[in-house]
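Peer 1: To start, I am sharing the structure in question, which I have written as structure tokens.
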Amino acid sequence: METGDHGTSVLSVHDAIRSAILRGALEPGRVVSQLQLARELGVGRTPLREALRLLQREGLVTLEPNRRVRIADLSVTDAEEIYTMRITLEAVAIRLTVPNLTAEDFAELEGLYAQMDYFTRLNDVERLNAPHRAFHLGFVRGAGQRWVELIGQLFDHAERYRLRFVRISPDGGAPRQAEHRAMLDAALAGDVERTVACMALHYAHTATVVLSSLQPGYRSARLAAVLDMVAPQARIAQ
């Protein structure tokens, strides 16, 4: 990979490592030497170092002495920050996006929902990810490209937790799909505030499962405060 274009090479290595971290193939908290990581991934050490710097900026790895790499651990603090940020940013982005959604936009969202429903019933986590991500981003893209990129990154980071702690099954996935349906129905009805509340309640339910898995009995005061501020309807519905 070092023999090709340098930028493309680094990007390819970055994407491969990032995907492995998000899917859990590189386990949270694992410490590994850069040499060992290069061998495992079959990549050169020069693009690896550049890729690791990018991943460190994103908070997915920590570069330690003696050319060692620590994969970011899963923690209550990190999960709490991810979900409260998602709710806060998406509440604003939904308010900017939903009033301007077109019939074509809704047709696309309906198609993504159908794909999510199908893959949920199959318990196919790998194929579910793409339509799931696109579905949520479809509600926020009217806020602008920087918003979409940041919200997309938060979605990816949240997937580390969801894939680890939220089990998907034909029955277990039904409540989450019902929440997605509620978001879409609210948007179709032109009810922006109900769309925001459905999104916030959806994330709050997932966050509660994740946080209680990390620390049994944990109650997030920050999550409650964010719901009170940006989506009080969701707080009431909890």
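Here, each number is a calculation from the coordinates, and none is a lab measurement. Keep in mind that this is a model prediction, so the values were computed, not measured. Note that each Cβ is placed from the backbone with ideal geometry, even for glycine, and that neighbours are counted across all protein chains shown.
Peer 1: Give the relative contact order (percent, whole number) for the chain; include only Cα pairs under 8 Å separated by 6+ residues. Present the calculation step by step, with values, prior to reporting the outcome.
Peer 2: Working: 282 pairs, mean separation 50.2, N = 238.
Contact order relative to length: 21 percent.
Peer 1: Classify the stretch 119-191 as rounded, prolate or oblate from the Cα gyration tensor: take a ≥ b ≥ c as the square roots of its eigenvalues, call it rounded if a/c is under 1.5, otherwise prolate when a/b beats b/c and oblate if not. Show your work: numbers first, answer last.
Peer 2: Values: a/c = 2.40, a/b = 1.25, b/c = 1.91.
Taking the square roots of the gyration eigenvalues as a ≥ b ≥ c, the stretch 119-191 is oblate.
Peer 1: Tell me, in nm to one decimal, what length is gained between Glu110 and Ser213 on full extension, where the rule is 0.36 nm per residue of separation less the Cα-Cα distance?
Peer 2: Values: separation 103, 0.36 × 103 = 37.08 nm, distance 3.20 nm.
Result: 33.9 nm gained on full extension.
Peer 1: Taking the convex hull of the alpha carbon atoms in the stretch 76-237, what volume per residue do you get, in Å³? Each step should come with its number before you reach the end.
Peer 2: Values: hull volume 16.5 nm³, N = 162.
So the per-residue Cα hull volume is 102 Å³.
Peer 1: Using the reciprocal of the averaged 1/r over all distinct C-alpha pairs, how large is the Kirkwood radius of the stretch 6-71 in Å? Can you show the working numbers first?
Peer 2: Values: mean 1/r = 0.0871 Å⁻¹.
Averaging 1/r across every pair of different Cα atoms and inverting gives 11.5 Å.
Peer 1: Return the distance in nm (one decimal) between the two label points of a simple spin-label model at Thr46 and Asp15, each offset 7 Å from Cα along Cα→Cβ.
Peer 2: A separation of 2.1 nm, rounded to one decimal place.
Peer 1: State, as an integer percentage, the relative contact order of the stretch 115-185 based on alpha-carbon contacts under 8 Å between residues 6 or more apart. Intermediate values should be presented prior to the final figure.
Peer 2: On the way: 34 pairs, mean separation 28.4, N = 71.
This gives 40 percent for the stretch 115-185.
Peer 1: Something else about it: If each DSSP helix of 4+ residues adds -39,500 (n - 2.57) and the sum is divided by the residues in the chain, what number results at 222 nm, nearest 500 deg cm²/dmol?
Peer 2: Numbers: 11 runs with 171 residues, N = 238.
Computed ellipticity for the chain at 222 nm equals -23500 deg cm²/dmol.
Peer 1: Helix 103-122 sits at what angle to the longest principal axis of the chain, using alpha carbons and giving 0 to 90 degrees rounded to 10?
Peer 2: So the inclination is approximately 70 degrees.
Peer 1: Which value in nm describes the separation of the simple spin-label points at Asn123 and Thr77, placed 7 Å from the Cα toward the beta carbon?
Peer 2: So the label points at Asn123 and Thr77 sit 3.6 nm apart.
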